[in-house]
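Rule-based calculations on the coordinates, nothing more; no lab input. Owing to the predicted nature of the structure, the values given are computational and were not obtained by experimental measurement. Cβ sites come from the backbone with ideal geometry, for glycine too, and all protein chains shown count toward neighbours.
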Amino acid sequence: MRHILLPIVLVFFSCAASRKGNIDLHAVSFAQHPKNIILLIGDGMSLPQVAAHVYWKGLGKTIFEQFRVIGFHESHSCNELVTDSAAGATAFSCGKKTTNGAIGTLPPDNIPCPTILEDLAREGFATGMVVACTATHATPASFIAHQELRAFTDEIALDYLKTPFDCLIAGGESNFSDRYDKLNLLDSLRMKGYVIRRGTRLKRLPLDGAKPFVNFTAEHEPPTASGGRTYLPRSTKIACEYLQKRSKKGFFLMVEGSQIDWAGHANDRNWLRAEMDDFDKTVRTALEFAASNGETLVIVTGDHECGGLALIPGSGKKDFKPTFSTRLHTASMVPVYAYGPMDELFLGQYDNTDIYKKIVQALGRSFPQY
Ligand code: MG
Ligand code: ZN
């Protein structure tokens, strides 16, 4: 009798979703410390972008409204009030302020700073990144590469050979195969045991966890969400399940909604709307994974605001007209949403470098660099 009942009970508890389609996040009991970390970065996403998303989609219908733990980070870089994505991501990856444009290096002499991905990979955690841009773009690069400038994309691609990451789903194959130095980094990755795949079907990946893999979703930049890109939520689910099999110790996964920022630079509200929808689905996937095991800490934030977006009144009393005030980044504080073991660490208002420190603290670990 027990054998018949057990699978039914397991399905009931593991499917932490209500009938309305919302995840019942708060019926889950958490482990004392997280085993897994999922850091989701909406590049260029701050409060106005989230607010526009909430009003476009309808109150109560976004994943952001499911969180109970919310904080703010101060996004400035070490030399400018308004950060770029390289310094912004390096603050998260290394826990240190750096100059705009620097990838995993610190002033004054461009000293490489060990990143959380590298530290955890060295200690036997499975690690991965899933992004909607090229692998060499500033945000993913800042977790695995060490270069003076974000523009050194061929050098950034070479840095991927220096850290034993487990999975990468990203665009930008050309930085690995069509290079000024004529090196074929795809062959180099294969020599290191990586399975290399292309496209967005995400088929024939070694999802049993036996081998590391890279799936290039595009030769250069992946398309926009409104232009048909749908792989980010699916890739996040695949990466979580794969990384869980890959190491018993736990995993670190960085996921980036990369093009929220590009929509801001372009002052394109339709592009922004589609990117926020896609990022919402992606965050939802991560939360579903976290709610299914109670041992995963999910952190969702942006690196900075982009576009100086204002939600000004529209023609009717309930309408709004999202209006950009610049084509650049701004100094707005950025919301931080957290869910999972030790999520309360992310309450309050703090520096962007504290996100790194809070992740380390949540894991119950200490790293030598601070
Ligand atoms: Mg980015
Ligand atoms: Zn930007």
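In the stretch 294-370, what trypsin sites (Lys or Arg not before Pro) fall in a loop by DSSP, with at most 16 other Cβ atoms inside 10 Å?
Lys317, Lys318, Arg327, Arg365
Once fully extended, how much extra length lies between Tyr55 and Ile70, figured as 0.36 nm per residue of separation less the alpha-carbon to alpha-carbon distance?
Additional length available on full extension: 3.5 nm.
On the principal axes of its Cα set, how long, how wide and how thick is the stretch 222-350? Give whole Å, largest value first.
53, 37, 28
Rounded to whole Å and sorted largest first, list the principal axis extents of the Cα atoms in the stretch 124-174.
Here the spans come out as 30, 21, 17 Å, largest first.
With 21 Å as the limit, write out which pairs from Lys237/Lys357; Lys57/Lys203; Lys35/Lys192; Lys203/Lys237; Lys281/Lys358 have Cα-Cα distances beyond it, or answer none.
Too far apart for the 21 Å limit: Lys237/Lys357; Lys57/Lys203; Lys35/Lys192; Lys281/Lys358.
Taking the Cα-to-Cβ direction at Met191 and at Glu344 and moving 7 Å from each Cα, how far apart do the two end points lie in nm?
In this crude spin-label approximation the distance works out to 5.2 nm.
Can you list the aspartates and glutamates whose alpha carbon is less than 12 Å from that of Lys249, not counting same-chain residues fewer than 8 positions off?
Qualifying aspartates and glutamates at Cα under 12 Å: Glu123, Glu295.
Separation of the stretch 236-271 and the stretch 150-179 by C-alpha centroid, Å?
Using only Cα atoms to place each centre, the spacing works out to 17 Å.
Counting only residues 5 or more places away or on other chains, whose amide H sits under 5 Å from the amide H of Cys113 once H atoms are built in the peptide plane?
Answer set, sorted by chain and number: Thr105, Leu106.
For the chain, I need the span (max minus min coordinate) of the C-alpha atoms along each principal axis, in Å, sorted largest to smallest.
Largest to smallest, the principal-axis extents are 62, 59, 41 Å.
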